[in-house]
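Chemist: The structure follows.
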Amino acid sequence: DQQVKQNSPSLSVQEGRISILNCDYTNSMFDYFLWYKKYPAEGPTFLISISSIKDKNEDGRFTVFLNKSAKHLSLHIVPSQPGDSAVYFCAALPSDATNKLIFGTGTLLAVQP
Amino acid sequence: GAGVSQSPRYKVAKRGQDVALRCDPISGHVSLFWYQQALGQGPEFLTYFQNEAQLDKSGLPSDRFFAERPEGSVSTLKIQRTQQEDSAVYLCASSLQTFPSYEQYFGPGTRLTVT
């Protein structure tokens, strides 16, 4: 069963507008949530994280929101730039001390100039 | 500074061959992880080292998969008697943190194709 879900395989946004990438999870026992960005033929690059005790974390153009009651998190990119075009993975780190990241299936973001 | 490097970048193996995939983590990073990424999926955890100790190997799909990190730096993932279902990208990641390792830095991966 997929514990971390990204239900939108792709998203297209105009340059300068907001990109909103969504992620849902089923397990309440996650300590941290993370977003990674991946370009073709490269490994994922860490973008931003949020602890389960917070509901928002911001870093420049990137903001992650966590809604624990809905088991939902989202990544907002404002303003979107063509260089943001990539696959975005949501990941979660369980609180069971296993240290294993659980990834979603990714969302392909295309920012149109 | 140097990031995580992996070699080879691409590997084609005939079914039944053994392969060895290498990972050079970022210098000083204590934690090292291996993930398997199938086409169209997110990375899936295989195994985790803290220094030279393999603390978790619960994600290794079968006993044909073996990982080591004998001196606490370079790691090798070995797959014996490769099967077609082993075809995937194998990603290595390292982290300065022990637990929780919420900032993991990934290498470019090794794309393994088993024919």
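Chemist: Got a sec? Which of A:Tyr32, A:Tyr88 is open to solvent by less than 10 Å² (accessible area, probe 1.4 Å) and either of a type outside the set (Val, Ile, Thr) or farther than 24 Å from B:Ser31 by Cβ (or both)?
Modeler: A:Tyr88
Chemist: Given the criteria crowded, with 21+ Cβ neighbours inside 10 Å, under 16 Å from the mean Cα position of the chain (by Cα), away from every other protein chain (no Cβ under 14 Å) and among the aliphatic types (A, V, I, L, M), does A:Leu109 qualify?
Modeler: For A:Leu109, the condition - crowded, with 21+ Cβ neighbours inside 10 Å, under 16 Å from the mean Cα position of the chain (by Cα), away from every other protein chain (no Cβ under 14 Å) and among the aliphatic types (A, V, I, L, M) - is met.
Chemist: Any idea how many residues of the range B:25-42 are within 11 Å of the chain's Cα centre (by Cα), closer than 21 Å to B:Pro100 by Cα and not hydrophobic (A, V, I, L, M, F, W, C)?
Modeler: Going through the range B:25-42 one residue at a time, the tally reaches 3.
Chemist: Same structure, new question: May I ask you to list the residues in the range B:89-104 that are in contact (Cβ under 8 Å) with a residue 12 or more places away in the chain and either crowded, with 19+ Cβ neighbours inside 10 Å or among the polar types (S, T, N, Q) (or both)?
Modeler: B:Val89, B:Tyr90, B:Leu91, B:Cys92, B:Ala93, B:Ser94, B:Ser95, B:Gln97, B:Thr98, B:Ser101, B:Gln104, listed by residue number.
Chemist: Restricting to the range B:1-18, and then to whatever is open to solvent by 60 Å² or more (accessible area, probe 1.4 Å), outside any strand (DSSP E or B) and more than 13 Å from chain A (Cβ to nearest Cβ), can you tell me which residue is nearest to B:Phe66 (Cα to Cα)? If you could, list the steps in order and put the result at the bottom.
Modeler: Step one: filter the range B:1-18 for residues open to solvent by 60 Å² or more (accessible area, probe 1.4 Å), giving B:1-2, B:9-12, B:14-15, B:17-18.
Checking the rest, the ones that are also outside any strand (DSSP E or B) come to B:1-2, B:9, B:14-15, B:17-18.
Pick out the ones that are also more than 13 Å from chain A (Cβ to nearest Cβ) and you get B:1-2, B:14-15, B:17-18.
Values: B:Gly1: 30, B:Ala2: 26, B:Lys14: 19, B:Arg15: 17, B:Gln17: 14, B:Asp18: 11 Å.
The extreme case among them is B:Asp18.
Chemist: Kindly list the number of the only condition in (1) over 24 Å from A:Gln3 (Cα atoms); (2) among the acidic types (Asp, Glu); (3) in contact (Cβ under 8 Å) with a residue 24 or more places away in the chain that fails for B:Glu52.
Modeler: Every listed condition holds for B:Glu52 apart from (3).
Chemist: Give the residues of the range B:90-115 that are part of a strand (DSSP E or B) and more than 17 Å from B:Ser62 (Cα to Cα), sorted by residue number.
Modeler: If the condition is that a residue be part of a strand (DSSP E or B) and more than 17 Å from B:Ser62 (Cα to Cα), then B:Leu91, B:Cys92, B:Ala93, B:Ser94, B:Ser95, B:Tyr105, B:Phe106, B:Thr110, B:Arg111, B:Thr113 are the ones that fit.
Chemist: If you go through the range A:35-55, how many residues are facing another protein chain (nearest Cβ under 8 Å), of a type in the set (Ser, Thr, Tyr) and surrounded by fewer than 18 Cβ atoms within 10 Å (Cβ to Cβ)?
Modeler: 1
Chemist: Considering the range B:30-47 alone, what residues qualify as being surrounded by fewer than 23 Cβ atoms within 10 Å (Cβ to Cβ), without any contact (Cβ under 8 Å) to a residue 60 or more places away in the chain and facing another protein chain (nearest Cβ under 8 Å)?
Modeler: Selection gives B:Gly40, B:Gln41, B:Glu44, B:Phe45.
Chemist: Here is a further query. Among the residues of the range B:74-84, write down those that are surrounded by fewer than 18 Cβ atoms within 10 Å (Cβ to Cβ) and either hydroxyl-bearing (Ser, Thr, Tyr) or over 14 Å from the mean Cα position of the chain (by Cα) (or both).
Modeler: B:Thr76, B:Gln80, B:Arg81, B:Gln83, B:Gln84
Chemist: In the range B:37-76, which strands (runs of 3 or more DSSP E) lie fully inside it and hold 1 or more residues that are over 17 Å from A:Lys100 (Cα atoms)? Break it down into steps so the answer makes sense when it comes.
Modeler: Details: elements: B:44-50, B:53-56, B:65-68.
Of the strands (runs of 3 or more DSSP E) lying wholly inside the range B:37-76, those with at least 1 residues that are over 17 Å from A:Lys100 (Cα atoms) span B:65-68.
Chemist: OK, next. Of (1) facing chain A (nearest Cβ under 10 Å); (2) over 21 Å from A:Gly106 (Cβ atoms); (3) not in a loop (DSSP other than H, G, I, E, B), B:Leu21 satisfies all except one. Which?
Modeler: The one condition B:Leu21 does not meet is (1).
Chemist: Another question, then. Between B:Glu103, B:Glu68, which is of a type in the set (D, E, K, R) and either within 9 Å of chain A (Cβ to nearest Cβ) or out of contact with any strand residue (DSSP E or B) (no Cβ under 9 Å at 6 or more places or on another chain) (or both)?
Modeler: Selected residue: B:Glu103, the only one of B:Glu103, B:Glu68 that is of a type in the set (D, E, K, R) and either within 9 Å of chain A (Cβ to nearest Cβ) or out of contact with any strand residue (DSSP E or B) (no Cβ under 9 Å at 6 or more places or on another chain) (or both).
Chemist: Among the residues of the range B:48-71, which ones are open to solvent by 10 Å² or more (accessible area, probe 1.4 Å) and of a type in the set (A, V, I, L, M)?
Modeler: Within the range B:48-71, B:Ala53, B:Leu55, B:Leu60 qualify.
The values are calculated or read from the model by the stated rules, or taken from the named source; none is laboratory data. Since we're looking at a predicted model, the values are computed, not measured. Neighbour counts run over all protein chains shown; Cβ positions are idealised from the backbone, glycine included. These area figures cover heavy atoms from the full protein model, side chains too; ligands, DNA and RNA do not enter into them. Shrake-Rupley method; radii C 1.70, N 1.55, O 1.52, S 1.80 Å.
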